[in-house]
Amino acid sequence: MTGTLPAPVPSAAPPHVGPRESSLLRRLLAQRSAAVALTVVVLLVLVALAAPLIAWAAGTSPTDFHSEAVDPALGGLPRGTGGGISATHWLGVEPGSGRDILARVVYGARVSLLIALLATAVSVALGTALGLVAGFFGGWTDTVVGRLMDLLMSFPALIFMIALISAAPGVNRQLLLVVVLGFFGWPYVGRIVRGQAMVLARGEFVAAARVLGASRRALLAREVLPNLSGPVLVVATMSIPGYVATEAGLSFLGIGVRPPTPSWGQMIASAVPWYAADPVYFLVPGVFLFVTVLAFNVLGDAVRDALDPRSRRR
Amino acid sequence: MILYVLRRLAATAAILLVVCAATFAIFYLMPADPAQGACGKACSPERIAEIRTTLGLNHSVFVQFRDYLVGIVAGRGFGTGAHAVNCPAPCLGFSFQTDQPVWRMLTDRLPVSVSIAVGAAALWLIVGVTAGVVSALRRGSLWDRAAMTAALGGVSLPVYFTALVLQYLLVVKLGLLPYPQAVPLTADPVGWAGSMVMPWITLAMLYAGIYARITRGEMLDSLGQNYVRTARAKGLSEPAVLRRHALRPALMPIVTIFGMDLGALLGGALITESVFGLPGVGKLAADAINSADQPVILGVTLFAASFVVLANVAVDLVYALLDPRVRAVG
């Protein structure tokens, strides 16, 4: 694969940590890089939420054509310098159509974050459920789930996603992206949950609850599951940047989000023919994408360090 | 050992069969009509019916799958009479859009993908592992922090963005390199290297970051182990301790991911090849997707999957060679 896959897996999941949200937040904010990353992420979410407001303030929309902002004599290059950056178009305009880049980038943030977060939710739900069952019950359940995870992880995921998506023309792309990303991502969550659940299942508190007559369901839900929140939070945070990058990569290849819905990867793809004449056009979505992935990566590292005593030593 | 190898190979064949079936099922269950794809947009219903017969689409999915598997082993033909085409073994399908067997298209493109993958791998392995080891030995130093920041940046850079920035700076602004195009190594080694430099750097920026981070973590782990303390205590020189007792175990996980990454790249660096317009297997996949050439998409998927699965086997075998415990358990 070309490296845009959701594969960053923490070297070791924390044994048995129950995070209290407030203390986790405090520990995160104590690290400067984590605090900056968290701020960036919060800002990005705000930008995504406020996208219509920002476009309205800029006096445009992501699909409005501004033919007056491009110069037909130059093959549709934006008028003025720096890709058409001006008082009316703060980040310039798209060559050819003259659509406002700021409006498209902020709407692109919506798509990017929504798909990445939903895909994370899908993979965490699937991975936790299957990993928990496999690790707790062991036996043939474990064998089946384990083999399935091995198989999925040995698939060339990017090419398979492409095959899947391109073979389903009429389906809602954003939904399909979430399902496909989540489906190929859950083994990475499941592997960690399974290992933890195996350890927890042998814990004394589980044995005690069992002796007290707790049902298997109660054991899973009340004894084991709460103790998994730490590792799950770590692996979830660490998988978000991979999903952001993969969605952008698929959109770049033309099999992600469909136009006219803007997406960063798709914007960069449409900037390829113009890169020599109008570098601003690929720099803007590229920098947004880079900063988003970087912020989530830093945050993921920080969450792991905060919850995993083994890695904090480093 | 031989038994172990045989067992691994059998498991590999099983995985490849499952991958093959899954890929086939995806294309069979999905609504897109392969006959339509083979014939293009302006196509009469009669012609489509004819192609359906030629491709064997009127048979059940099991028969089609059996024919496909038989084709891989023994080759097959499509159609009869004047329209008949021959697809020699290993037949991964026939592209009616380009009028070529998929296998030939793949093998034609493979050298470019191999050039990209091997060069990039050498670059990122040297840079990533060295940076990681130095960082671990000088933990907390300015070098460590700078290298790890750079690594995190590299990991976060999307390859197509790196590719565009490099191309803008090196080709358009500075004029240091020509626009990338496929130059065969045998015809013009210098031109070949020149055309490969940007793809190598692009991929290496990403992977070197990953490798530096992993190497550093593993190295710190092994440096904290008791056997390293023992090695020091028994009076081994520091370089010997580092090389034999700290670095060796730290590199074991690197062997694993290196095998997997290289395997994945050999099956085509989809995005990198597309951005630089280099005609490798990845570019073939991207083109096939754009023109909805289903036999090619199916073939590339299987081809790339085989590389990943075979890389897995290679990694396991290397592991077994390095660590006898694996042989006993495996």
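Here are a few things to note about the model shown:
- Filtered residues of the range B:199-248 (kept if within 17 Å of B:Ala122 (Cα to Cα), small (Gly, Ala, Ser) and more than 10 Å from chain A (Cβ to nearest Cβ)): B:Ala204, B:Ala208, B:Ala212
- Taken together, the residues in the range B:119-137 that are aliphatic (A, V, I, L, M) and without any contact (Cβ under 8 Å) to a residue 60 or more places away in the chain amount to 3.
- Those residues of the range B:107-146 which are hydrophobic (A, V, I, L, M, F, W, C), over 16 Å from the mean Cα position of the chain (by Cα) and surrounded by 23 or more Cβ atoms within 10 Å (Cβ to Cβ), in sequence order: B:Ala131, B:Ala136
- Verdict on A:Ser263 being under 30 Å from A:Ser166 (Cβ atoms) and surrounded by 24 or more Cβ atoms within 10 Å (Cβ to Cβ): yes
- Residue that is surrounded by the fewest Cβ atoms within 10 Å (Cβ to Cβ) [pool: residues in the range B:90-101 that are touching a residue at least 40 places away in the same chain (Cβ under 8 Å) and of a type outside the set (Val, Ile, Thr)]: B:Gln97
- Some residue of the range B:286-301 being at pLDDT 85 or above, more than 10 Å from every other protein chain (Cβ to nearest Cβ), within 21 Å of B:Leu203 (Cα to Cα) and buried (at least 24 other Cβ atoms within 10 Å of the Cβ): no
- Scanning the range A:130-169 for residues that are surrounded by fewer than 17 Cβ atoms within 10 Å (Cβ to Cβ), away from chain B (no Cβ under 13 Å) and part of a helix (DSSP H, G or I) returns A:Phe137, A:Gly139, A:Trp140, A:Thr141, A:Thr143, A:Val144.
- Checklist (1) surrounded by fewer than 19 Cβ atoms within 10 Å (Cβ to Cβ); (2) over 20 Å from the mean Cα position of the chain (by Cα); (3) more than 30 Å from B:Ile257 (Cβ to Cβ) applied to B:Arg104, failing item: (2)
- Test: B:Ile51 is assigned to a helix (DSSP H, G or I), modelled with pLDDT of 75 or more and either more than 14 Å from chain A (Cβ to nearest Cβ) or under 21 Å from A:Ile162 (Cβ atoms) (or both): no
- Condition check for B:Tyr227: part of a helix (DSSP H, G or I), among the hydroxyl-bearing types (Ser, Thr, Tyr) and surrounded by fewer than 20 Cβ atoms within 10 Å (Cβ to Cβ): yes
- Test: residue in the range A:226-235 that is in contact (Cβ under 8 Å) with a residue 40 or more places away in the chain, in contact with a Phe, Trp or Tyr (Cβ under 8 Å, 6 or more places away or on another chain), under 30 Å from B:Ser222 (Cα atoms) and crowded, with 24+ Cβ neighbours inside 10 Å: yes
The values are calculated or read from the model by the stated rules, or taken from the named source; none is laboratory data. What you are looking at is a predicted structure, and each value in this text was computed from that prediction instead of being measured. Here Cβ is always computed from backbone atoms with ideal geometry, including for glycine, and neighbour counts include all displayed protein chains.
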